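Okay, so here's the structure we're looking at.
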Amino acid sequence: MSLQWVALGAALSIISVPAAFGATAADEPAAAAAAAARDPLGRDTPKGTVLGFIRAATDLNYQRAAQYIDATHVPKPLRERIDQLIVVLNQSLPATDIDRLSTRPEGSLDEDLPPNQERVGEVRYGSATLDILLERVERKDQPAVWRFSAATLKEIPAAYQQVQPRWVEQFLWAPLKDTRYMNVPLYQWLALPIAIVLVLLFARLLSRAVFLVLRPLVFRLTGESAGNRLAHIMNPVRVVAASAVIALWLNVAQLPLLSRFLLALLAFVIGVVGSAWLLTRLVDLSAELVEARLRRQHQPGRVTVSQLVAKLGKVLIVVIAAFTLLHHFDVDLTAALAGLGIGGIAIAFAAQKTLENLFGGIMIISDQPVRVGDFCKVGEVSGIIESIGLRSTRIRTLDRTLVSIPNAQMSTESLENFGFREKIRFQPTLALRYQTAADQLRFVLAETRRLLYEHPLVETATARVRFVRLGASSLDLEIFAYVLTGENARFLEVQEDLLLRIMEIVEGSGSGFAFPSTTTYVARDAGLDAEKTRAAVATVERWRAQRELPFPDFHPSRISGFKDRIEYPPAGSDRGKPAAP
C-alpha cells in the first residue's frame, strides 16, 4: 500500500477521534435535544428543504412535496404549481447552486437578505429574473423550518411559460420522451452509455495531449528524458480529465436537477481524488528526475533530501485532499483539527522513540555530516554509508555485513567521516641500526626530505623528516607528510611508492633497518658496506664544504626547485603502458 493512501486512512481515522472523545455523558442531553429539534422532512436547513422537495416532486409524491412550499396564496390544488416549480428548477437552476446551499439551521445569513430568507439561485426567463427564495417559518412548540417562499411561488407560472423545452426532444420519437423510469425520460437513459463512452474518449485524448506537452517541458526543466516515467501519470490524468468532462457535460446536458447535483458531486470527488493521485505521481516523477541528475553530478548526499521532501510532499497532498473532501461534505473541521491535536499527543507518547529517530534522520539529512557512499566510523562501527532513512542509517562494514543504526543513536555517537578528507596523513617511523654514522643519518634525512619535496602527490609545505629519538634498539626517524588524495586506495598506492623509495635511500646510505628484537644470537656480522659508507660521508662532506648542508632543512629556494622532479608512477610501471586498442 502506497504512502499516500496510508496517510489518507490515518487522517480519516484521526478525524474520528473527536467523536470518541466528545461522546461523554455530559453531552448526551444536548445531543438528544438537538435530535429532537430536527425536522423529520429535513426542512431544518435550506439544503435539506431543496433536496427534499426535489425528491418528493420527482417521485410524484405531491402530498409530501406540498410540505416544502408556502402555499398560503397558492390556489388549490397544488399539483400544478409543484409541477411548474420542479420544471423551472430542472431546466434553469445550475446544480452548483444547490451545492452551495447552507446546511446550518440559521442559513448563510446573506447581507442583502433578511435573516429569515435564503437565496437558492437565480432563474432567467425572457428579459426577467426570478430569485428562488426560501423563508424560515417559526412554528409554535415545533422547530422552525425552511420553505419555498410565497413570493417565489407567485412568479413561478410566468417563469414556467418562458422555459424552453429541451431542444433535442423536438426531434425524438414520442415514446422515447413519454416513457419514464424513475421519472427520467427513456432517451436520457439510452444516452447514458453514449455519454460514458464520450467521457472516456475525451479523457484519453486529453491525457495524450498532456503527455505531448509535458515530455519536452520536463526535459527542458530537468535535462532528463522522462518518456517512460510520464506513462505512470497517464491514469491519474485520465481520471482528472474524466471529472472535468463530466462537469462540462452537466452544463450542456439537460438532466433533472437532482441527477445533475449527484453527478456534479461525483465529478467533484473524482476530481479531488484524481488531482491528489496526479500530484503524488508528479512528486514521484520530479523526485526521480532530480535524483538521477544529482547522481550524475556526483552529489549523493542530496538524494536523501530529495526523497524526504518527496515523502513529506505526498503526505501533505493527501491530507489537503482529505480535508477538502471533508469541508465539501460539511464536516466540522474544527473538531477534526482538535482530533488531530489529541491524536498527535497520543502518537507522541506512544511513538517517542520513532519520532526521536525521525527527527534524528531529518537532522542528519539537513546537516549532512555523512552522505551516501562516504566511508565513516560511527562509534565502533566502520564502513560505507549505504542509505539514510527516516528511522535508521545503514552501514556496509568491511566484512560486508550490513549494520542498521537508529538515527537517534547516530546523533549522539562520535562520528568520524573519512569521505570529507582532501588529503591523507603519511607518518611512518624509520628505525635504523645503531651502527649508522651521523653523516649516514644526515644522508638519509636529506634524501628522504628531497623525496617528499619532489614527489608530485606529496604536500611540500607540511612535509618533514626528523631524527626524533635514540630508541632502545634503533635510531628513530619520524616522517610526516600529507598525500594529496582523499581516496584510500589511491593513498595506499602512493604510500607503497614512497616506502619503496625510502628503502632505496636507506640502502644507498649503507645503513639498514634495526631488528626490534630481544633475541640473543651469535653471528658473524658482515658489518656495514665500507664503500657506501665512504660515499655517503663524502657526499655530506661535500655539502659541508659547499655550505649546502641541508640542516635543519633545505633552503626554501632549493625546495621550490625540487617540486615534481620524481617521475610518478615510476618508469616501467604497468600504469604507464599505452591503453590496449
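Below is a table of values for the structure above.
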{"quantity": "Highest to lowest packing among 536-542, 549-555, scored as the average C-beta count within 10 Å", "calculated": "536-542, 549-555"}
{"quantity": "Distance in nm between pseudo-label sites at H232 and L549 (7 Å out along the Cβ direction from Cα)", "calculated": "7.5 nm"}
{"quantity": "Which of S382, S560, S509 has the fewest Cβ neighbours within 10 Å, and the rest in rising order", "calculated": "S560, S382, S509"}
{"quantity": "Fully extended contour minus Cα-Cα distance, from T179 to R565, at 0.36 nm per residue", "calculated": "128.6 nm"}
{"quantity": "Amide H contacts under 5 Å for S387, placed H, 5+ residues apart", "calculated": "R394"}
{"quantity": "Peptide ranges 237-247, 494-504, 412-422, 268-278 listed from the most packed, as the mean C-beta count within 10 angstrom indicates", "calculated": "237-247, 268-278, 494-504, 412-422"}
{"quantity": "Stretchable slack from A128 to D112, in nm (0.36 nm times residue separation minus alpha-carbon distance)", "calculated": "3.8 nm"}
{"quantity": "Charge dipole of segment 366-424 about the Cα centre (unit charges at C-beta), most positive-ward option of I385, V370, L415", "calculated": "I385"}
{"quantity": "Modelled FRET efficiency - R0 41 Å, L326 with R421, Cβ distances, 0.05 increments", "calculated": "0.15"}
{"quantity": "Shape metrics for segment 370-420, restricted to C-alpha atoms - Rg then Dmax, Å", "calculated": "9.5, 25"}
{"quantity": "Test item: Cα-centred dipole of segment 46-95, Lys/Arg +1 and Asp/Glu -1 on Cβ, debye", "calculated": "100 debye"}
{"quantity": "Angstrom value of the Kirkwood radius, inverse mean 1/r, which spans all Cα pairs in segment 431-537", "calculated": "15.1 Å"}
{"quantity": "Net lengthening on full extension, R208/T462 (0.36 nm per residue, minus Cα-Cα)", "calculated": "85.0 nm"}
{"quantity": "Total charge dipole magnitude, segment 370-420, about the Cα centre, Cβ charges on Lys, Arg, Asp, Glu only, Debye to nearest 20", "calculated": "180 debye"}
{"quantity": "Kirkwood Rh in Å, taken over all unlike Cα pairs in segment 38-164", "calculated": "14.6 Å"}
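A short reminder: the numbers here are calculations on the coordinates, not readings from a lab. Quick caveat, the model's predicted, so the values are computed rather than measured. Positions of Cβ are backbone-derived with ideal geometry, glycine not excepted, and every protein chain shown enters the neighbour counts.
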